[in-house]
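As C-alpha cells, the structure follows; a few thoughts come after it.
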Amino acid sequence: MQAWKDIYTSYMHKQQQASPPEPDKSPLTGNLQADLQALQARLGDNGDLVVRDFQLFGAHQAAMLFFSSLVNMEQVREHVLKPLMAGPSGHQDIPDSIAGMIHYIWSTAVQVTQGTTTTDISVLPDAAVKGELILLIEGVPEALVLDMRQIDMRGVEQPQTEQVIRGPREGYVEKLENNLSLLRYRLQSTDFRIEISPIGTRTQSRVALCYIESIADSGLVAEAMRRISMIDTDGILDAGYIEQFIEDQPLSPFPQVQCTERPDKTVAALLEGRVAMLVDGSPFAVIVPALFNQFFQTVDDYTERFIMGSLIRMIRLIALACSLFFPAFYVSVISFNPELMPTEFAVAISGGRAGVPFPAVLEVLIMEVSMEVLREATIRLPQMIGGALSIVGVLVIGQAAVGAGLASPITVVIVALTTIGSFATPAYNAAIALRMLRFPLIILAGMFGLYGVMIGTILIVNHLLFLESFGVPYMSPYVPGKWRDLKDTLVRVPLWWMRRRPSFLHAKDNTRIAGSVSSAYVDQILSQEGETDE
Amino acid sequence: MSNFRQITTARAAAVICSTIIGVGIQSFPRFMIAAGDNSGPFIALTGVIISFLIYYVLTSLCQLYPKETLFVFSRRLIGRPFAVLFTAVIMLVFVIQTGLTARQFGDIATTVLYRKTPIEATIFLLLFVCLLSSRRNIVKFSYIHAFYLPLIVGSIVIMILISMDNITLLNLQPILMPLNHKFWKGAQIASYLFQSSFVITLLIPFMVKPKQAVRAGALAIFTSGAIYLLIVITSLGIFGAEESKLLIYPTLEMARNAAFEQGVFERLDAIFIVLWVISVYTTVYTTYYVSAYLIQNLFALRDQRMASSVLLPVVFAISMFPTNVFDTYYWSLQLGNAVMVLLIGYPLLLWLAHLIRLPRKKVPA
C-alpha cells in the first residue's frame, strides 16, 4: 500500500538523520505557525492528532490542537468551536487588544468546566496526550488549555478469550478510535506514537501501528512498517489478516505474533519495546515480536505477587507438557515399555484393557479425535446448548464407550487430562499448535515407542529453535541464553528485580526501573526493624 | 541480517561438550577398565589430557586465520590440490564416523531397549532427524547444542549421583598401574571420544571472540572429561574391575541398578535411555553437519543443504556395513586410529607450512 510505503520511507529518513529533539523550554512565541510547528515536532506524526485552523470571532487567526481519540468531538464542536467561530455580532465586549483575548474567551465564550492558561510551550504536549485541547491565537504568547477528555468506554467489556482473576476488565472493541483511546488512556506519554493508514484496495481498513518512540528499537519499527507496506490485498477484515501477512514462517504450526484482546497487555508489550498493530473493526491487537515464552504468560502472573505468579506459571507449563506428551507417553509405555510401570499399576491397566480389541495407539487416537470433534462442536454451538452437549458428550459417551469396550477407563483419564491441559495454555493459537502436534507424536509412539516420542520431541524442539519472530530467536531467552532475561521465564521474579527490559528486544532505553527500588524496599524493612527496636 | 560472528564462547563450548558426550558413554568404562583394571580412571584422565593437547595445536593454528575455516586457509598454505585431497580425506573420515556412531547407537537401542523396532528403522529415524536439522546455518546449529546440553549433562549427573549409593570403595583399590604399552593404548582409545571437538574449526569464523576458542575447548573437554571420568569411577566402584569387563554396556547396567526400587517408575533405565537419545543425536548431528559442510566446501556449493540430503543414503549404507556389535567396535577403533593420525599430522603439516611462509609475508611490510 502506497500510504504505508510513504510512512515507512519517511520513518527511515527520520532515523537516518536523527538527532533526538531537545526538550523545549522556551515560552510561546505568539507566532501561531511557529508554535504549532514546535508542538507538532514534539508530538510527532500521529494519525489521531488534529490541528484545526479557524478564524476567531471572524477576525483573528487561531488554531486548536488535540487528539481525536481522546476528546469528545461533539463537545468540541458545540461548546468551543461554535462560540469561537461566531462573528463579532454574537458577542459583546470583545476586547480591542489581542492581549486580553485569552481571558475573554475563558470567561465568556467557551462553555467548558476545567481549563488553564499557560505561557510555557513545554507543558502543552503533555496536556495534549492527556486529552486536553490546546487553543492558540496568532499574536498571543499564551495558550488556553481546555479539558475536553472523554474516553468512550461504551461496549468495553471483559475480554472473552483472556479472562483474569485480578487485573483490568477492559477488552478492545471493534472501533479503532476506542481502542486507541484505551491505549492512550494507559500510556499518557508524548513518546507514544500511532501511525494510521489504510490497507486493502477495497476495504481501506485503517491499520494503526503503535510503538513508544524512545523505547522501541527503530530497526524493529522499520521492519514492522516495511512488512505492512508490502501487504497488497483487497481486504483486511481483522487483525488476523495482518498477522498472516507479516509473520516470518507461515508454514509453522506455532504463532509468531501475539494477538490479544487486552489493552493492558498491549501497553505492557509496548513498554518492553515491542510494536503493536490494531485494525479498525477488529477487537484484537497484534504484537510483535512474539516468543514461545509469551504464550504461557498471562496478566495474572504480573498482577499477583511473585511467588503465586511463578507457581501458577509452572503449573501452566506442566499443563502444556501434558497436553503435548501425555497420550504419546501413555501409548509407548503400554505398548513398548510396560516395565516402566510399577507392577500393581500395570496389572490394573491390563485388567482395564482386557475387553478392548484395539491396540493402544488406535484406542487413544479414536478418543482424541472424538474429543477434538466434541470441543469444536461446543465452540460452534450457542452457549446454552454447548454446556448440555459437553456434559452429554463427555460423561455419557465416555462412560458408554468404556462400557461398550471401545476404550479402557485409563485411556479416558489420559485423554481427559490431555484436554484439560490444553485448555490451561492461555494463548488459544499456541494451544492449537500443541493440539495439532499431539497427533503425530501419538503415531510415532505407536510405531517406535519412547524412541519415537523422543525423535518427535527433538523435531519439535529443533523447529522451535529455528524459528524467528522479527529477527528475534523464538526460544529467547533460553537460547541464545541471557541470564538476565531468564528472570521472567519459568519463574517470575519480583518486579523490582526486573530492572532492565528484555535484552533481545534491543530497546533504545533499556532501563525499566531507574534508581534503586530494591534498596527502597530494604530501607523500608530496616526502618520497620528500627521502629520495633524502639 | 547476516549471521556473522554470533556464536559466543559459552555456546561454542556447549557445542563441543554436547558433541563429545554421546554414544560412547555406554561402553566407555569397559574399554578403560579392560585397558588398565583399577587404573581405568587414570587412563581416562590421560586420554582427556592428550585430546586437549591435540585440540590446542589445532585451535591455535585456526586462530591464526580467524576469518576462515581450516579448509579455506589450508588452500593458501599448502596449495589447492593438497588441501583438497586432505579435505576429502577428512570428509570421508567424518562420513564413516557418522555412520559408525549411528550404528553403535542402533545396536544399543535395539538389543537393550527397543527390541521390537528393527535396527534399520532406529538408525534411519536418527539420521533423518540429522538431515532435517543439518539444513540450517551454523548459528542455529549452535542453538541446538546449547539448548540440549543442560538436559544431557543433567540427566547423566543425576544418574551418577543416584548410583553413587551402590559404590563399594574396596572395588576402587588399588588405583595405580605401571605406564606400560597397555596404559597408553587405553589412553589413546579414550582420546578417540574427543575427536569430534574438531568441529571448532567450523565455529571459529563465526565466534564473537575467536581468540577464546581454546578457552571454550578447555571448558568443554574438561567438563565432558569429568563426566566420563565419573562414569568410569562409578562403574568400577559398583561392579568391580572383573565384572565391568564382562558387561557390554556398563553405564546402562549402572542406570538399571540405580533405578531399582525407586518408587513410581519400576525402572529408570528407559528414562535414562530416552535422554541418552538426545546426547547421541547431538553427537551424530555434529559429525553429520561437519560432513555436509565439507562436501559443500569440496564442491563449492552455495550451502550445505543439498549436501546433507545426498549424505543420508551414504551414511545409512555405512551404518549397515558391520555385521554385529563386535564388528562395529572393531571398525570404530580402526577409524579412531586413522583420525588420530590425521588430526595430529594435518595440523602439524599446516603449522610447518605457516612457519615457512611467515618470513615471506613480513618482507614487504
Only one of these conditions is not met by residue A:368: (1) surrounded by 14 or more Cβ atoms within 10 Å (Cβ to Cβ); (2) modelled with pLDDT under 85. Which number is it? (2)
Looking at the stretch B:115-136, which of its residues are aromatic (Phe, Trp, Tyr) and facing another protein chain (nearest Cβ under 10 Å)? B:128
Hey, among A:159, A:168, which residue is in contact with a Lys or Arg (Cβ under 7 Å, 6 or more places away or on another chain) and under 29 Å from residue A:302 (Cβ atoms)? A:159
Would you point out which residue out of B:139, B:112 is assigned to a helix (DSSP H, G or I), more than 15 Å from residue B:278 (Cα to Cα) and within 10 Å of chain A (Cβ to nearest Cβ)? B:139
Looking at the stretch A:73-98 only, could you name the residues that are among the small types (Gly, Ala, Ser), assigned to a helix (DSSP H, G or I) and surrounded by 13 or more Cβ atoms within 10 Å (Cβ to Cβ)? A:90
Among residues of the stretch A:24-67, those that are part of a loop (DSSP other than H, G, I, E, B) and out of contact with any Ser or Thr (no Cβ under 6 Å at 6 or more places or on another chain), counted: 11
Residue count, the stretch A:416-436 (criterion: at pLDDT 85 or above, under 23 Å from the mean Cα position of the chain (by Cα) and among the polar types (S, T, N, Q)): 2
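One line per residue, one yes/no per condition, for (1) under 20 Å from residue A:452 (Cα atoms); (2) surrounded by fewer than 16 Cβ atoms within 10 Å (Cβ to Cβ); (3) within 14 Å of another protein chain (Cβ to nearest Cβ):
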{"residue": "B:54", "(1), (2), (3)": "no, no, no"}
{"residue": "B:82", "(1), (2), (3)": "no, yes, no"}
{"residue": "B:88", "(1), (2), (3)": "no, yes, no"}
{"residue": "B:150", "(1), (2), (3)": "no, yes, yes"}
Meets criteria (away from every other protein chain (no Cβ under 11 Å), among the aliphatic types (A, V, I, L, M) and in contact (Cβ under 8 Å) with a residue 40 or more places away in the chain) for residue B:102: yes
For residue B:11, are the conditions met, namely being more than 14 Å from chain A (Cβ to nearest Cβ), part of a helix (DSSP H, G or I), basic (Lys, Arg) and on the phi < 0 side of the Ramachandran plot? no
From the list A:123, A:129, A:164, exactly one residue is of a type in the set (A, V, I, L, M) and farther than 23 Å from residue A:41 by Cα. Which is it? A:164
Run down A:450, A:437 and say which single residue is within 13 Å of another protein chain (Cβ to nearest Cβ), farther than 24 Å from residue B:15 by Cα and in contact (Cβ under 8 Å) with a residue 40 or more places away in the chain. A:450
For the stretch B:164-183, give me each residue that is free of Cβ contacts under 8 Å to residues at least 40 places away in the same chain and surrounded by 10 or more Cβ atoms within 10 Å (Cβ to Cβ). B:179
Restricting the stretch A:181-195 to residues that are of a type outside the set (Val, Ile, Thr) and touching a Cys at 6+ places or on another chain (Cβ under 9 Å), the residue that is nearest to residue A:73 (Cα to Cα): A:183
Candidate set: the stretch B:301-346, residues that are surrounded by 15 or more Cβ atoms within 10 Å (Cβ to Cβ) and among the polar types (S, T, N, Q); chosen: the one farthest from the chain's Cα centre (by Cα): B:304
Residues to consider are A:174, A:162; find the one that is part of a loop (DSSP other than H, G, I, E, B), of a type in the set (Asp, Glu) and at pLDDT below 85. A:162
So residue A:38, is it farther than 22 Å from residue A:187 by Cβ and of a type in the set (Gly, Ala, Ser): yes
Residues of the stretch A:104-132 satisfying the condition of being in a loop (DSSP other than H, G, I, E, B), in contact (Cβ under 8 Å) with a residue 60 or more places away in the chain and surrounded by fewer than 20 Cβ atoms within 10 Å (Cβ to Cβ): A:119, A:130
Return the residue satisfying two criteria in turn: it lies in the stretch A:453-487 and is at the interface with chain B (Cβ under 9 Å from one of its Cβ atoms), β-branched (Val, Ile, Thr) and assigned to a helix (DSSP H, G or I), and of such residues it is nearest to residue A:329 (Cα to Cα). A:453
Tell me, which residue of the stretch B:152-163 that is surrounded by fewer than 18 Cβ atoms within 10 Å (Cβ to Cβ) and within 17 Å of residue B:282 (Cβ to Cβ) is nearest to the other protein chains (Cβ to nearest Cβ)? B:154
Number of the exception - residue B:50 against (1) within 14 Å of chain A (Cβ to nearest Cβ); (2) within 21 Å of residue B:338 (Cβ to Cβ): (1)
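Rundown of residues vs (1) more than 27 Å from residue B:189 (Cα to Cα); (2) crowded, with 24+ Cβ neighbours inside 10 Å; (3) among the hydroxyl-bearing types (Ser, Thr, Tyr), yes/no style:
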| site | (1), (2), (3) |
| --- | --- |
| B:6 | yes, no, no |
| B:13 | no, yes, no |
| B:16 | no, yes, no |
| B:34 | no, no, no |
| B:39 | no, yes, yes |
| B:51 | no, yes, yes |
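The values are calculated or read from the model by the stated rules, or taken from the named source; none is laboratory data. These figures come from a predicted structure and were not determined experimentally. Cβ sites come from the backbone with ideal geometry, for glycine too, and all protein chains shown count toward neighbours.
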